[in-house]
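I have placed the structure first, in the form of structure tokens, so that the comments after it can refer back to it.
What follows is calculated from the coordinates using simple rules that are stated; it is not laboratory data. As the structure is a computational prediction, the values presented were derived from the model and not from experiment. All Cβ positions, glycine included, derive from the backbone under ideal geometry; neighbour counts span all protein chains shown.
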Amino acid sequence: MNIAENPLYKEYPRVAPVAETFGFKHSDIEYLLNKIKNNSKAVAYFNTDSSQQTALKAIITRLGLKRDHFFEHIRLCKINDVPDEILVNDCGKYFLLAYKALLK
């Protein structure tokens, strides 16, 4: 399939190359971006589709985890109520609001 025809690249061009490298599917990226879009604090800061994609791309890149390990890591952070000081190590201070949106 041509990249231009791939739904991941068509809808989410900023995050697609990184997402594909780590094994994420179109539905995964759609789900994760919806979590960011549905969080009022994250949307207040990342108020464009491009900035939300960039934030997700940065989080995926910084964690450096394949798809299954990524979702397991998110699940563990969520159930263990990890403090912000530790979350910043995962995603950086700039992307903390987007990262916390993924944990909700």
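Annotations for the structure displayed:
- Expected-Rg normalisation [2.2 N^0.38 Å, Cα atoms] applied to the range 22-81: 1.12
- Rg and Dmax over the alpha-carbon atoms of the range 57-104 stand at 9.7, 25 Å.
- Extents of the chain, largest first, come to 42, 28, 19 Å (Cα atoms, principal axes, whole angstrom).
- Kirkwood Rh and Cα Rg combined as Rg/Rh, the range 1-49: 1.03
- Pairs of lysine residues in the chain - Cα separation under 16 Å, sequence separation of 8 or more or cross-chain: 20
- Backbone HN-Hα couplings from phi across the range 59-67 [Karplus 6.51/-1.76/1.60, Hz, Gly and Pro as x]: 5, 4, 5, 5, 5, x, 10, 5, 3
- Within the chain: Cβ-based charge dipole about Cα centre, in debye rounded to nearest 20 (Lys, Arg +1; Asp, Glu -1): 160 debye
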